[in-house]
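Colleague: Before I ask anything, let me first share the structure, which is written out below as structure tokens.
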Amino acid sequence: MNLYTLVQLVEVALFAAVLGYGILAHWPSLAVLGGGLLIGKAVLNILAPEGGTILRRSLAGYALGACYVVAGLL
């Protein structure tokens, strides 16, 4: 397994744990944050076939995730 793949799997597990803890602890803001992080990771990987650097895809993905978090908190 590639190191980059392993790092991504660990990130997804961590972000899912944040989401799950937010749900189980009845902290909606933490659940929204976990969802936003997962959205950012998903968009980063969805954009991979389009090309571009990891940095540019990360900025696009996590910016979209941040918009989701802000909308969810409002």
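The values are calculated or read from the model by the stated rules, or taken from the named source; none is laboratory data. What you are looking at is a predicted structure, and each value in this text was computed from that prediction instead of being measured. Every residue, glycine as well, gets a Cβ built from its backbone with ideal geometry; the counts of neighbours run over all protein chains shown. Each accessible area value is taken on the protein alone, full model and side chains, heavy atoms only, with ligands, DNA and RNA left out. Shrake-Rupley method; radii C 1.70, N 1.55, O 1.52, S 1.80 Å.
Colleague: Hey, could you check the stretch 39-58 for residues that are part of a helix (DSSP H, G or I) and more than 21 Å from LEU14 (Cβ to Cβ) and say which is least open to solvent (accessible area, probe 1.4 Å)? Spell out how you get there, then give the answer.
Modeller: Here is the first cut: in the stretch 39-58, the ones part of a helix (DSSP H, G or I) are 39-46, 48-50, 54-58.
Then keep just the ones that are more than 21 Å from LEU14 (Cβ to Cβ); that gives 49-50, 56.
Details: PRO49: 113, GLU50: 149, ARG56: 175 Å².
If we take residues in the stretch 39-58 being part of a helix (DSSP H, G or I) and more than 21 Å from LEU14 (Cβ to Cβ), then PRO49 is least open to solvent (accessible area, probe 1.4 Å).
Colleague: Taking the stretch 13-27 as the region of interest, how many residues are open to solvent by 60 Å² or more (accessible area, probe 1.4 Å) and in contact with a helix residue (DSSP H, G or I) (Cβ under 7 Å, 6 or more places away or on another chain)?
Modeller: Residues flagged as open to solvent by 60 Å² or more (accessible area, probe 1.4 Å) and in contact with a helix residue (DSSP H, G or I) (Cβ under 7 Å, 6 or more places away or on another chain) within the stretch 13-27 amount to 2.
Colleague: Only one residue in GLY61, GLY36 is in a helix (DSSP H, G or I), in contact with a Lys or Arg (Cβ under 9 Å, 6 or more places away or on another chain) and not hydroxyl-bearing (Ser, Thr, Tyr). Which one?
Modeller: Values: GLY36 fails: in contact with a Lys or Arg (Cβ under 9 Å, 6 or more places away or on another chain).
Exactly one residue qualifies, and that residue is GLY61.
Colleague: Starting from the stretch 31-46, keep only residues that are in contact (Cβ under 8 Å) with a residue 12 or more places away in the chain, then list their pairs with residues that are surrounded by 18 or more Cβ atoms within 10 Å (Cβ to Cβ) and of a type in the set (D, E, K, R) whose Cβ atoms are within a distance under 7 Å, requiring at least 6 positions of separation or different chains.
Modeller: The qualifying pairs are LEU44/ARG57.
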